[in-house]
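The structure appears right after this line, and notes come after that.
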Amino acid sequence: MSRLFSRLRGKSAEPVKPALTPATRIYCIGDIHGCADLLAQTHRLILADGADFEGTKKLLYLGDYIDRGESSKEVIEILLNDGLPDFETIYLRGNHEQALLDFLQHPEATAGWLGFGGLATLLSYGVALQRPPLSSAARATDLHDVALRLRQALPASHLKFFEQSQLSYQEGSYCFVHAGIRPGIPLQSQHRDDLLWIRREFIDHKTPHEYIVVHGHTPAPDAEMLPNRIGLDTGAFYSGLLTCLVLEGSTQRLLQTTSPAH
């Protein structure tokens, strides 16, 4: 257990001070959920914003690239083929990417993914359904057939992207995860399911963590800039608002993109 974490467990714990590696700027994008147009616009904002910065530029994504929005495949194509020059990229895994991977391995046990966004991803990859897979008529053979056709439709580079995405990233006084962390547990001891799925136990926690936690997963009308956490999921697929956090030294600011359709 780190000395810092041990100190923060006390009742008089003070917030962790924002600090980043010198001469480094991190751009961190929240949940995209198949909104390729918003992602492309956000990339243009970042390019313009970082044009005059001469230090190390990092672009970090918090996961949930797919599902719900109609352009999941296009989002992954942008991430793989239209990267920003002179930026180091870090891709975190969201619970929706994990749900897709689980469905490919165990479709009958994980069919719930289709009901919370997966159907949109199937359509994006051109996988048509013969009948609703969540109906009582759906059989195990139907689900295995859907999983097989999805695996065949996924470009190898896309599957590799999902499989190689990271669960967490740490730099300076910040840690970046998709959903959050379980309070009171050091970052290196966190369980994968908490990093991907935790919600209320983390969101409702008001006292400092070992790091300032930057996360997505739990949507809010706007970015949540709190002393112990920064939430960046602004519900892009229904709100038309995609949020990017910009960190440099002790500063925190936002870049936000909105869709004219909303």
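The values are calculated or read from the model by the stated rules, or taken from the named source; none is laboratory data. Everything numeric here is computed off the predicted structure, so don't read it as measured data. Here the Cβ positions follow ideal geometry from the backbone for every residue, glycine too, while neighbour counts run over all protein chains shown.
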Check on residue 187, under 22 Å from residue 117 (Cβ atoms), touching a strand residue (DSSP E or B) at 6+ places or on another chain (Cβ under 6 Å), of a type in the set (A, V, I, L, M, F, W, C) and free of Cβ contacts under 8 Å to residues at least 60 places away in the same chain: no
Filtered residues of segment 192-216 (kept if under 11 Å from residue 168 (Cβ atoms) and in contact (Cβ under 8 Å) with a residue 24 or more places away in the chain): 192, 195, 196, 211, 213, 214, 215
Check on residue 205, out of contact with any Leu (no Cβ under 8 Å at 6 or more places or on another chain), in a loop (DSSP other than H, G, I, E, B) and surrounded by 17 or more Cβ atoms within 10 Å (Cβ to Cβ): yes
Failed criterion for residue 177 (all others in (1) free of Cβ contacts under 8 Å to residues at least 12 places away in the same chain; (2) within 15 Å of residue 62 (Cβ to Cβ) hold): (1)
Search result, residues across segment 240-259 that are exposed (fewer than 14 other Cβ atoms within 10 Å of the Cβ) and touching a residue at least 12 places away in the same chain (Cβ under 8 Å): 250, 251
Set 29, 76: member being within 18 Å of residue 247 (Cβ to Cβ), aliphatic (A, V, I, L, M) and at pLDDT 95 or above: 29
Selection count, segment 143-199, where residues are in a helix (DSSP H, G or I) and not charged (D, E, K, R): 21
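Residues checked against (1) within 21 Å of residue 236 (Cβ to Cβ); (2) without any contact (Cβ under 8 Å) to a residue 40 or more places away in the chain; (3) of a type in the set (A, V, I, L, M):
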| site | (1), (2), (3) |
| --- | --- |
| 65 | yes, yes, no |
| 72 | yes, no, no |
| 81 | yes, yes, no |
| 95 | yes, no, no |
| 102 | no, yes, no |
| 118 | yes, no, no |
| 122 | yes, yes, yes |
| 125 | yes, no, no |
| 142 | no, yes, no |
